[in-house]
Structures are given as structure tokens and as C-alpha cells.
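Take a look at the structure set out below.
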Amino acid sequence: MLAASQHQLAHSQTCFQARMQLKPPTRPKLYSGLVPQEEFDSNCDLIPGLPEDLAKICLALVPRTHFPVMGAVSKRWMSFLESKELIAVRKEVGKLEEWVYVLTPDAGAKGSHWEILECSGQKQSPLPRMPGLTKAGFGVVVIGGKLFVIAGYAADHGKDSVSDEVYQYDSCLNRWTELAKMNVARCDFACAEVNGVIYVAGGFGPNGESLSSVEVYDLEQTKWTLIEGLRRPRWGCFGCSFEGKLYVMGGRSSFTIGNSRFVDVYNPNNHAWDQSSARSSSASNGRTRGLWQSSTRADNSWQKVPVPLTGSSSTRFSFGVHEDKLLLFPLEEEPGYQTLMYDPAAPMGSEWCTSKLKPSGSCLCSVTIKA
């Protein structure tokens, strides 16, 4: 049985190399920019002469950097490489690669670009330019190897506007696609993925009004749908997913003075909002400046975690994640600064250290994609 499997794998590699040589890409590279979505012919084999399951494993074993070129080999390959099944197969065979993506300003601060940090010591190709106008106050969500950049605030030729545009970046094919527009244009809102669905809540509307509306994006139906809104307008807030529920925290509301201490919790099972409270505080001494908080579900309490000044004097950070550790990228670019890293599993007193991961400029936003 083992000999037969080895023979099939060797045969698949020969087929793979022959197919790449016989059918080189004849169209523009997929990562050259925005491309339309297509319907693909599913009647042909992935790799002639191989069972479908084995052919999928062969393609999934290839390093991720080769996927954009592989997608141009055939429509059938393209269909598999952009499917959710690719991620599932790569996970099953232990080939998922974790890359950290950061959004950083261009030279001269006239725009911004996404780049991949060197997580494994190997430089990756830069991302193609993100479509649309340069924005602030947008939202980002990652699902199944794809990055979603949602709405935001843009200024074009002196005209300010709040956007309803949504773009998707496929990390396997290295390309951007424009998705369906939102029902409500907004910026400075909360967003998160819960059970494979994208939720967007609150923010500012086109006329500067504070919003309580909430909408969801279903990847299967490829459309946005309005659901029950927040109990009060809320902006500048943060969203996250925990135990199958959406948590909206921080920010401000028209009905509170200063930052909000309330956490709005949405349960998709009964389509209803609930509320809990979180006490906020701050402290500073000679060695520590700035605090972030974590919640423990056992007693519904919050724990303050001091942030050391090692490598940076910044008090404003952008969060990132790598290998289940928290990364803190200073928002202000400082000569010689180092990225801070927090390991919640480390022994007490040694949770903090510095990381070699560092963007080319200040970090406006960071996401981690496993694919």
C-alpha cells in the first residue's frame, strides 16, 4: 500500500511538471490587480490519471508562493485554489502557512500599501495595490485565507466621503476582488467574523451621524443584510468573536460621557443583543506606560496587563498576532524601535519580549492569515 502511494505521488509530480511545461500562462498574471469572478468548468480532472482526492493533496502540498502561477494553469486548478476546500486539505496535511500582513504608509505619506512580514526568514512578494481610494476608519476581517477590507473614510480632491465599498484579497492567488456594497456607508465601526459570517456594527454615517445599525455579509449568498441594531449609537468601537458570539466594546456613544464601559454581545442563535460592563482604567510609572485588558469568562472579570517600554516609548500601538502571541507595533515611527511580543502561555514575569517582525514603516493595521 505504501509503495503504491509513493508511486502515485511520484506520478503526480511528473504530471504536475509536465502540465506546467505544456500549458504556460498565456494571460496577464492574476496578481496584476482587480479581476472578475468566473464560473469554471468542473468536468475535467485536476490531474489526469489521478483520483480526485489524491490530486487535491498534491496541489495542496505545494508552497503557497506558487499558487498565483498555478492558478493560471487551468480553470479547474483556479477553482480549487480559490475554494474553501484548499484550506481544509492544507490543514489536514499540515501545510498551513501563517503570514503576517501589515498596512503601512507609502513614502511621502500620499497613500498606503500592504506588505508581508518575514515570518519564516524568507521574503515574500509585495501585495498588488489595494483598489479604491486610500481610506481611514475602515474595518478588516479574515476568513478562510481571504482578507476583507470594509468601508471607511476617504478624501479625494478635497471632497470627503464615507464609503460602502468592500474588497476581498485572496492570499493564495494574490489578487483583489470587489464585493457587494454595504447597505449603509460607514467608518469607525466595529467588525468581526462569527461562525463564518462577517458582522459590522455602528460607526459614523455619510452625514457624520452616529449609527446603531448592524449588518452581516454571508459569503455563500455574497450579499449584505441588515439585522437588529445596537441599543444605542456607537462609534470608534472594536469588535471580536468569542464562543460563537459577537462582542462590541470600547468607543463612544451619544448616551455616555467619555469612552463607553459597556460591552454589547450579540448571540446569532437567538438573534438578540445582551450587555455586560467592563471597567476601564489606566496607570503609568517609570517602567510601564499604557495598558490593555483581557476578559476571563470564568468570572466575567477584566485583568490589567502592563506594557513595558522595552524597545519603544510609544503609548499607541497597533495589535497583531503571530503563533498565538500578541504583537504590538507602535503607531508612531521611531528610529530603532522594536516590536513588542506578549506570550500569554509564558511563565509569569517573562511574558514580554521583542520580536524580529517589523514593517517597513509605521503599522496602520495588521492581520494574520493561515492558508
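Of all residues in region 193-226, how many are part of a loop (DSSP other than H, G, I, E, B) and surrounded by fewer than 22 Cβ atoms within 10 Å (Cβ to Cβ)?
Taking region 193-226 and keeping what is part of a loop (DSSP other than H, G, I, E, B), we get 195-196, 202-203, 205-209, 211-213, 219-222.
From what is left, the residues that are surrounded by fewer than 22 Cβ atoms within 10 Å (Cβ to Cβ) are 195-196, 205-209, 212-213, 219-222.
The qualifying residues number 13.
What strands (runs of 3 or more DSSP E), lying completely within region 61-161, carry at least 2 residues that are of a type in the set (A, V, I, L, M)?
On the way: elements: 98-105, 112-116, 139-143, 146-156.
Where strands (runs of 3 or more DSSP E) fall fully within region 61-161 and carry at least 2 residues being of a type in the set (A, V, I, L, M), they are 98-105, 139-143, 146-156.
Just one of the numbered conditions (1) among the hydrophobic types (A, V, I, L, M, F, W, C); (2) surrounded by fewer than 21 Cβ atoms within 10 Å (Cβ to Cβ); (3) under 23 Å from residue 362 (Cα atoms); (4) in contact with a Lys or Arg (Cβ under 9 Å, 6 or more places away or on another chain) is not true of residue 190; which one?
(2)
Return only the number of the condition from (1) among the β-branched types (Val, Ile, Thr); (2) without any contact (Cβ under 8 Å) to a residue 60 or more places away in the chain; (3) under 24 Å from residue 318 (Cα atoms) that residue 225 does not satisfy.
Failed condition: (3).
Considering region 325-351 alone, what residues qualify as being surrounded by fewer than 18 Cβ atoms within 10 Å (Cβ to Cβ) and either aromatic (Phe, Trp, Tyr) or farther than 22 Å from residue 114 by Cα (or both)?
Correct list: 337, 343, 344, 345, 346, 347, 348, 349, 350, 351.
Only residues that are touching a strand residue (DSSP E or B) at 6+ places or on another chain (Cβ under 7 Å) and surrounded by fewer than 18 Cβ atoms within 10 Å (Cβ to Cβ): list them for region 353-363, please.
Once the filter is applied, which keeps residues that are touching a strand residue (DSSP E or B) at 6+ places or on another chain (Cβ under 7 Å) and surrounded by fewer than 18 Cβ atoms within 10 Å (Cβ to Cβ), region 353-363 yields 353, 354, 358, 360, 361.
Where a number appears in this text, it was derived from the coordinates with a stated rule and is not lab data. Note that the coordinates shown come from a computational prediction; the quantities given were computed from them, not determined experimentally. Cβ atoms come from the backbone with ideal geometry, glycine included; neighbour counts cover every protein chain shown.
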